[in-house]
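No lab work stands behind these numbers, since they all come straight from the coordinates. The structure displayed is predicted, hence computed values, not measured ones. Here the Cβ is made from the backbone with ideal geometry for all residues, glycine too, and neighbour counts use every protein chain on show.
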Amino acid sequence: MTIGLLGRKVGMTQVFAADGTSVPVTVLAIEPNTVTKLRTPEQDGYTAVQLGIEAGKRRLNKPDQGQFKGELPACAVVREFRVDSVDGMTLGQTLDVSLFAEGELVDVVGVSKGKGFAGTIKRHSFQRGPETHGADHHREPGSIGAGTTPGRVYKGTRMAGHMGVDRVTVQKASVVRADGALNVLLIKGSVPGAINSLISVSKSVEI
């Protein structure tokens, strides 16, 4: 349970290491995150830090207006990070990419791209059926269970259906570069989500 940052996925590119090798990276635009709320066991039953970004980009409802009254910026996006302690954290404090160092391992969370309604071959990597000798079930799933026993289809049987738009976590991704001047974070490899989708990055915890 560690603090993290919120940002947006910009896209992928490549950078070159000192030895000249090409490193594929995902660029994350991470503006300074504002501490908008501190959760404590005495008041909320758990310990967490709520961070907000994109101030002034959304019309707030009445509860949000009550939270952001005063000196706090009216953030359009807020998320919480469970932490062990909120000591040293204050309302209105800002956190930026300097929280991470080059070579550090992080966990990146995003929502995967939506693929719509997909069949079993695309969704679950099923094998296709024969395409010769009169076969007419090239991409059908095949049997989904026995008849008399159990006489029903088990829950969780892999079938065609909605694919994507799932919460996906990439664990122990490496930070290639943290640029405080441009407010960008370069993560080695791919990161779940479409361009401009919301991403959260937190330090990996050794288990």
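Points worth noting:
- Placing pseudo-labels 7 Å out from each Cα toward the beta carbon at A29 and N196 gives an inter-label distance of 0.9 nm.
- Rounded, prolate or oblate (a/c below 1.5 giving rounded, otherwise prolate when a/b exceeds b/c) for the range 1-76 by Cα gyration tensor: oblate
- Between T21, T132, T94, the residue with the greatest mean-square fluctuation in the GNM of the chain (Cα pairs under 10 Å linked by springs) is T132.
- Of the residues T47, T26, the one with the fewest other Cβ atoms within 10 Å heads the list, and the complete ranking is T47, T26.
- Qualifying trypsin sites (Lys or Arg not before Pro) in the range 132-207, DSSP loop, other Cβ atoms within 10 Å at most 15: R139, R152, K155, R158
- For the chain, a Kirkwood radius taken over Cα pairs fed into Stokes-Einstein (4 °C, viscosity 1.567 mPa s) yields D = 64 µm²/s.
- Here is the size of the range 58-181 from its Cα atoms: Rg then Dmax, 24.6, 75 Å.
- Efficiency of FRET between M12 and E42 - r from beta-carbon atoms, R0 45 angstrom, step 0.05: 0.50
- For the pair D87 and V205, a Förster radius of 25 Å applied to the C-beta separation gives a FRET efficiency near 0.85, rounded to the nearest 0.05.
- Loop-located GluC sites (Glu not before Pro) in the range 39-94 (DSSP state other than H, G, I, E, B) with a sparse environment of at most 11 neighbouring Cβ atoms within 10 Å: E71.
- Entry note, the chain: relative contact order of 31 percent, from Cα contacts under 8 Å with a spacing of 6+ residues.
- Across the range 127-200, Cα pairs under 8 Å and at least six residues apart give a relative contact order of 15 percent.
- Cross-link reach list, lysines versus K62, counting only Cα pairs under 20 Å and skipping chain neighbours closer than eight places: K37
- Full extension of the chain between Q171 and T21 gives 51.7 nm of extra length, using 0.36 nm per residue less the Cα-Cα distance.
- Oblate is the label for the range 106-151. Its Cα gyration tensor axes, ordered a ≥ b ≥ c, give a/c of at least 1.5 and b/c at or above a/b.
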